[in-house]
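Heads up, the thing below is written out as structure tokens.
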Amino acid sequence: MPDVQALVGDFALKLKRRKVEGSHASARQTAELLRSVVSQQRLPHAGQAAVLIDAVRAVGEQLIAANPVELAVGNIIRRVLHIIREEDLSSTTTAMEGLGLSADSDDDNAGDHEDRPALSAAAVAAAARSALRAPSLHTLLEDIPESAAVPHASSSGGDSEGKSKSADKSLKSRKLKHDVIEAINELIQDIDTCHEQISEQAVEHIHQNEVILTLGRSRTVKEFLCAAKEKKRSFRVFVAEGAPRYQGHVLAKELVTKGLQTTIITDSAVFAMISRVNMVIVGAHAIMANGGVIAPVGLNMVALAARRHAVPFVVVAGSHKLCPLYPHNPEVLLNDLRSPADLLDFDEFSDCMDFASRGGSPLLHVVNPTFDYVPPNLVSLFITDTGGHNPSYMYRLIADYYSADDLVVKRRSTS
């Protein structure tokens, strides 16, 4: 079995060197790595969830620092932390229900419950040890004083009781890890099938003889449009080329291969063509907690043009791109500057970059940003693998996927 630290170091190096790019690849490989971390983590008899959380946070802090621009890495780390908390809470709740400590009670016995004094933590733990010996209540067992402990039955049965307790603790340890790994497997499956889940909704949004505008290349957008074509929808697609990387050219070729009527336009022609468009459909790099979108550069211009002409601006993205942070959070790196080689040839402009003049300062500066930020007021609808949602509803989805304690991925201080 490979060493976890070696796997973490190798993946962090790939992120730092940009050998792993894109939200889908980053999210899936992060989930697979965290599954290995959880499976190989040794757990004590008490505080198992806390040990798993610390291990995942230690790995997450290293991965996020390797490439802060890939927000999907941090999203998956926070999702796994939320999964650990939910599974631990579920096992504790199940044990409490087994002890008859459910909040619900019959009306006939309501008066009896009012007359009884409330059970203390020590009494609950003592009852657990004497009756079911539920190992999932370790947090209560740790707080019991020695005087409140239930006396041992006899010396002859002590050995068997100790073995039973050890077996229960080992079983509980394996059950927590098993449940967490199963939930991570479901998360990986959701990442793999998000494009299919989104594409199934294409017929509800794309109608006959419409004109769709998009910019650059997005796999989610491509499969969304192709799914509508497979449902016998006849429509035309305008593809803005997405300079300076011109990924729109790649998308146009893929759409033509699928039989879609496609027209390539320059990015500067978007405002001139938007009046003929019925809907703008684009992908996203990340969806922030306020409903804003970090998207490929140029999309803010497209969103402004769509709003000017009252054209719906629709964003299609998987749930792994939902980020619980806000754009103003210091943990969010909104942009990334690419190489100037995408814009110009160094040989042709070398005379403008004479570092010997003006005190070593170049005469020509090149700025090549990767992303745009689209505010939520410019977005009409989000289509995710869970359905269509308004920008004002995104905080509800984020609350279902993330815990407030995990917004900042940082290890707890040992002091």
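The values are calculated or read from the model by the stated rules, or taken from the named source; none is laboratory data. Predicted model only: the values in this text are computed from it and were never measured. Don't worry about glycine lacking a Cβ; one is built from the backbone with ideal geometry, like all the others, and counts go over all protein chains shown. Accessible surface is based on the protein model in full, side chains and every heavy atom, while ligands, DNA and RNA are left aside. Shrake-Rupley method; radii C 1.70, N 1.55, O 1.52, S 1.80 Å.
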Quick one: accessible surface of K14, probe radius 1.4 Å, all protein chains present, in square angstrom to the nearest 10. 80 Å²
At 1.4 Å probe size, what's the solvent-accessible area of K253? Round to the nearest 10 Å². 150 Å²
One finds, for D405 and K16 with R0 = 35 angstrom and r their Cβ-Cβ distance, a FRET efficiency to the nearest 0.05 of 0.80
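If you take the beta carbon distance between Y326 and N300 as r and set R0 to 22 Å, what does 1/(1 + (r/R0)^6) give as a FRET efficiency, to the nearest 0.05?
For R0 = 22 Å, the calculated efficiency reads 0.80.
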Using a 1.4 angstrom probe with every protein chain in place, what is the largest-first accessible-area order of D179, D400? D400, D179
Could you list the chymotrypsin sites (Phe, Trp or Tyr not before Pro) in the range 266-359 that lie in coil according to DSSP, counting only those with at most 15 other Cβ atoms within 10 Å of their Cβ? F346, F349, F355
Taking a crude spin-label model, label points 7 Å out from Cα along the C-beta direction, the Q247 to H207 distance in nm is 3.1 nm
Give the accessible area for D267 in Å² (nearest 10); use a 1.4 Å probe, count only protein heavy atoms, and leave out ligands, DNA and RNA. 30 Å²
Using θ = phi - 60° and the Karplus form 6.51 cos²θ - 1.76 cosθ + 1.60, what ³J(HN,Hα) does each residue of the range 192-198 get, whole Hz, x for Gly and Pro? 5, 9, 5, 5, 5, 5, 6
Specify the inter-centroid distance of the range 1-31 and the range 245-311, based on alpha-carbon positions, in whole Å. 30 Å
